[in-house]
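Report on the structure given below.
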Amino acid sequence: MAEWEGKSKGTPLGYKIFIFIINKIGTSAAYLLLYPVVAYYLVFSIQSNRAIKDYFSRLKAFSQKDIRTSLFRTYYNMGQALIDKIAIISDSELKFDIHREGMANLKAMDSQKTGGFLIGAHMGNWEIAGHLMKLYTTPVNIVLLDGEEEQIKNVMDDAMGARHFKTIPIKEDMSHIFKIHEAARNKEFICIHGDRFLPGSKSLEASFLGSPADFPAGPFVMASKLGLPVSFVYGMKESSTQYHFYCTKPILEATSKSEILKRYIHQLEEMVTRYPNQWFNFYPFWKSDKK
């Protein structure tokens, strides 16, 4: 069974076409262009289709008919998230209306100079959180896998220009660990996803949607040791121009990695139930799928 490789699908030319349309015509036109792209994945992306169907089969509210419809919606929402990401970072004329839930939690961490360890997931649009953090003086570090093809990275960097946050690429030589610890010593915000890891990385097993699954150990081990407040953060799409930002009440007490993972999964289950078509899981996630 295939596993996640840390790379997005697509080609540099495809990205350039979408970026041109976003900048010259607007996001609505780019959304329309998603239809043939989604149709392609529905027909040819057999492994990711199987993974998405398996995910929806674990959501009790979904029938077989719902699952077939949700395949399209999930791919389409993923495309919209990528388009919105470009629009947000490139300061396009499009303005999103963002409902902010838990901003007081971020504000407190900023004003009290505590920094924070912010764990999210491959859900909705992470750039919304980064966009809102421009409001604060605390430096923001986003930890990410450096697995994209160099040509695609160059296309995206040229389109989006200067970012309002720093990135910490995850490297095989583990140099990212030192940068994360440095950011923690400086009481900065450290943002990381808690729902994916590359084969061979350390993991923690836990029940998710009723079945055992593996989660990356790194985010939860670091969150338990760095001494920063720990919050869970999401930016979820409500409509073409509306997002809902969530930042949970921070965990302030010293807590084990297992307890932080338990609380994270509880929050993640709540989010996938509320926004089932915005968890972009395109590979076998549960342990039973990988046998």
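The values are calculated or read from the model by the stated rules, or taken from the named source; none is laboratory data. Bear in mind that the values here come from a model prediction, so they are computed numbers and not experimental data. Backbone-built Cβ (ideal geometry, glycine too); neighbour counts: all protein chains shown.
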> In segment 179-198, is there at least one residue being under 24 Å from residue 56 (Cβ atoms), touching a residue at least 12 places away in the same chain (Cβ under 8 Å), among the aromatic types (Phe, Trp, Tyr) and in contact with a strand residue (DSSP E or B) (Cβ under 9 Å, 6 or more places away or on another chain)?
Replying inline: yes
> Can you tell me how many residues in segment 250-278 are loosely packed, with under 15 Cβ neighbours inside 10 Å, in contact with a Leu (Cβ under 8 Å, 6 or more places away or on another chain), more than 30 Å from residue 181 (Cα to Cα) and not β-branched (Val, Ile, Thr)?
Replying inline: 0
> With respect to residue 59, is the statement that it is farther than 24 Å from residue 19 by Cβ, touching a residue at least 40 places away in the same chain (Cβ under 8 Å) and surrounded by 15 or more Cβ atoms within 10 Å (Cβ to Cβ) true?
Replying inline: yes
> Counting only residues that are at pLDDT 90 or above, within 28 Å of residue 242 (Cβ to Cβ) and small (Gly, Ala, Ser), how many does segment 111-157 have?
Replying inline: 5
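Does residue 229 count as closer than 25 Å to residue 275 by Cα and not hydrophobic (A, V, I, L, M, F, W, C)?
Numbers: closer than 25 Å to residue 275 by Cα: no; not hydrophobic (A, V, I, L, M, F, W, C): yes.
Judged against the criteria, residue 229 is not a match.
Restricting segment 114-127 to residues that are out of contact with any helix residue (DSSP H, G or I) (no Cβ under 7 Å at 6 or more places or on another chain) and of a type outside the set (S, T, N, Q), which is farthest from residue 140 (Cα to Cα)?
122
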>> Would you confirm, using the coordinates I've provided, whether residue 237 is closer than 23 Å to residue 128 by Cβ and charged (D, E, K, R)?
In response: yes
> Quick one: how many residues across segment 84-110 are part of a helix (DSSP H, G or I), at pLDDT 85 or above and under 30 Å from residue 28 (Cα atoms)?
Replying inline: 2
>> Can you find, within segment 219-249, the residue that is surrounded by the fewest Cβ atoms within 10 Å (Cβ to Cβ) among those that are over 17 Å from residue 280 (Cα atoms) and among the small types (Gly, Ala, Ser)?
In response: 239
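Residue 74: among the β-branched types (Val, Ile, Thr) and in contact (Cβ under 8 Å) with a residue 40 or more places away in the chain, yes or no?
Details: among the β-branched types (Val, Ile, Thr): yes; in contact (Cβ under 8 Å) with a residue 40 or more places away in the chain: yes.
Criteria met by residue 74.
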